[in-house]
1. Please sort 131-140, 84-93, 114-123 by packing, taking for each peptide the average over its residues of neighbouring beta carbons within 10 angstrom, highest first.
2. Given contacts defined as C-alpha pairs under 8 Å and at least six residues apart, what's the relative contact order of the range 88-183, whole-number percent?
3. Quick one: length gained pulling R235 to D180 fully straight, 0.36 nm per residue minus the C-alpha distance?
4. Taking the C-alpha atoms of the range 99-138, how large are the radius of gyration and the largest Cα-Cα span, Dmax, in Å?
Amino acid sequence: MLNDNIKKSLKSKWNMVLAFGAIMAGLAAHLGNFNGAIDLITSLLPKKSIAVVQARLEPLRIKNGLGKEQDDVFLMMSIRNYSMLPIMIVSAEIEGNGSSLIGKGKAGRQGICILSSSENNNEPLTIQPGKTIWIKVGNSIHLSGLSRVMSNINIQDIHLFAPDTGVGIHDIYFVNILNDLLAKKYGKDAGIIANIYTGEERKKHSFSFNITQGTDLFSKDGTLQHDWFLAQWIRPINQPQFEINDNCEVK
């Protein structure tokens, strides 16, 4: 026989089901149809307040002879505020996912639009409703063996954008080549998880990026833009030509 605690738990859950059913029936009667009731309930549920529009990996290739640090990469993202109120980003961190060859890197950086995992070391960034800003995560990710992977790409066949037009490549098919090489090295499920913390309560927002499903600069679905990464790998001294102001907002 069921003990008293289990009986009480089942009874409580059944009462919740009955209550929800009664609410749905009442709304359906008032609105004239069941689908209308579902739409109303859905509209009242909390929605995602921020989303990643674009994402890019930036290689740490300042000069030759960096050793294993050449396999460190940084993540940058454009974040859009879909809520009706300003949102303050206080910190950010990244971690590897789906492969034992992906972990935390040794390299780090500080500066404008850059956020570390410690909010006390950051200058908080505020996104106004409907606005988009670029943020960069101060901590790096280590992709073990990345330099060897990149050596399998015929970079001499890649044509870069002119310096005054930004950073990118004309030969977009190299994105698929890079995706295949990364999948072979790290596995098709290999990725990076970015955790962004907002407000004084440090609300956590997590975003996943599969490194084997990179896209190009025309994509604004939150996937990694690998054509930008390839351009940075080939000519690392180039600086990203972002049209942003001092508040990291896209103009």
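The numbers here are math on the coordinates, done by the rules we state, and not lab data. Keep in mind that what you see is a predicted model, and the values were worked out from it rather than measured. No Cβ is skipped: glycine too gets one built from the backbone with ideal geometry, and neighbour counts run over all protein chains shown.
1. Ranked from most to least packed, the peptides come out as 131-140, 84-93, 114-123.
2. With pairs under 8 Å counted, the relative contact order is 28 percent.
3. Values: separation 55, 0.36 × 55 = 19.80 nm, distance 2.20 nm.
Roughly 17.6 nm would be gained on extension.
4. Final numbers for Rg and Dmax: 13.1, 39 Å.
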